[in-house]
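Asker: Have a look at this one.
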Amino acid sequence: MRVVDTDITGVRIIEPDVFEDARGFFMETYQRQRYAGYGVDVDFVQDNLSFSSAGTLRGLHYQYPFAQEKLVHVISGEIYDVAVDVRRGSPTFGRWVGTALSSANRRQFFIPKGFAHGFLVVSDTALVTYKCGDYYHPEADRTLRWDDPALIIDWGTKTPLLSPKDAAAPSLKDIPSGYLPVYGEFK
């Protein structure tokens, strides 16, 4: 397994070991002890699965309070996955990291607490699974505008398929400070 640190501390790209032969392949998508040894020491409590069509953009979402770590993996298709630092006082507040995740590259994306997360489907369809470090709390569900001009995320499209909630999301500067986590509040 190879773990790649990104430009934002804590956000990591994980390349699991894959064992291939004439029958196909085998890989561990998560093994707590091994991942903890690479700094992904999370008591994951919920797994989610989403199926989306080409051009769908889900996000940018985060929970606060009840912040969640996420470990994202694509089962089929390809997505462009993004994490945005929304921790007030962070030296990387408002910065983002993006990476391609696909069934072909088999990479995973680890997103720590205090980050908004979203992805764009760049294949015909995509089946995406992600582990969460806290349960879903609808009352703490927050959304950040996918095309916030201050973030300058290059999604590769100007007309994604959005949910009504995502289409109406506020820009980072318009989110009340009480709805944003504080840098250093998570271990």
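Laboratory data are not the source of any read-out in this text; all were calculated from the coordinates shown. The shown structure was predicted, so the numbers you read here are calculated from the model rather than taken from an experiment. Virtual Cβ from ideal backbone geometry, glycine too; neighbours counted across all protein chains shown.
Asker: Classify the stretch 126-187 as rounded, prolate or oblate from the Cα gyration tensor: take a ≥ b ≥ c as the square roots of its eigenvalues, call it rounded if a/c is under 1.5, otherwise prolate when a/b beats b/c and oblate if not.
Answerer: Numbers: a/c = 1.72, a/b = 1.22, b/c = 1.41.
It is oblate, given that a/c is not under 1.5 and a/b is not larger than b/c.
Asker: Another question, if that's okay. Take the stretch 38-79, drop everything but the C-alpha atoms, weight them equally and run the Debye formula without solvent; then report log10 I(q)/I(0) at 0.19, 0.21, 0.30 Å⁻¹ to two decimals.
Answerer: The Cα Debye sum returns log10 ratios of -0.80, -0.94, -1.29.
Asker: Oh, and also: With a sphere of radius 9 Å drawn around the Cβ of R145, what net charge do the other residues whose Cβ falls strictly inside it have (Lys, Arg +1; Asp, Glu -1)?
Answerer: Details: positive: none; negative: D147, D148, D166, D174.
Cβ neighbours under 9 Å give a net charge of -4.
Asker: Mind running the shape call on the chain? Use the C-alpha gyration tensor, a ≥ b ≥ c as the square roots of the eigenvalues: rounded below 1.5 for a/c, prolate if a/b tops b/c, oblate otherwise. Intermediate values should be presented prior to the final figure.
Answerer: Numbers: a/c = 1.82, a/b = 1.28, b/c = 1.43.
Oblate shape, in that a/c is at least 1.5 and b/c is the bigger or equal ratio.
Asker: Now a separate question. Can you put I152, I75, I14 in order, fewest other beta carbons within 10 Å first? Numbers along the way, then the final one.
Answerer: On the way: I152 9, I75 13, I14 21.
If I rank by nearby Cβ atoms, fewest first, I get I152, I75, I14.
Asker: How would the stretch 87-157 be classified by its alpha-carbon gyration tensor: rounded, prolate or oblate, with rounded meaning a/c under 1.5 and the a/b versus b/c comparison settling the rest?
Answerer: oblate
Asker: Now a separate question. How big is the stretch 1-88 along each principal axis, measuring the range of its Cα positions in Å and listing the largest first?
Answerer: Here the Cα extents, ordered largest to smallest, are 49, 36, 27 Å.
Asker: Among DSSP bridges having both ends in the chain, what percentage is antiparallel? Round to the nearest 5. Before the final figure, lay out the partial values.
Answerer: Values: 49 of 51 bridges.
Roughly 95 percent of the DSSP beta bridges within the chain come out antiparallel.
Asker: Now a separate question. Do you know the relative contact order of the chain, to the nearest whole percent, from alpha carbon pairs under 8 angstrom that are 6+ apart? Each step should come with its number before you reach the end.
Answerer: On the way: 416 pairs, mean separation 53.3, N = 187.
Relative contact order of the chain: 29 percent.
Asker: List the residues whose amide H sits under 5 Å from the amide H of V182, counting only those 5 or more places along or on another chain, with H placed 1.01 Å from N in the peptide plane.
Answerer: R88
Asker: Let me ask another. To the nearest Å, what is the center-to-center distance of the stretch 96-128 and the stretch 1-77, using C-alpha atoms only?
Answerer: 8
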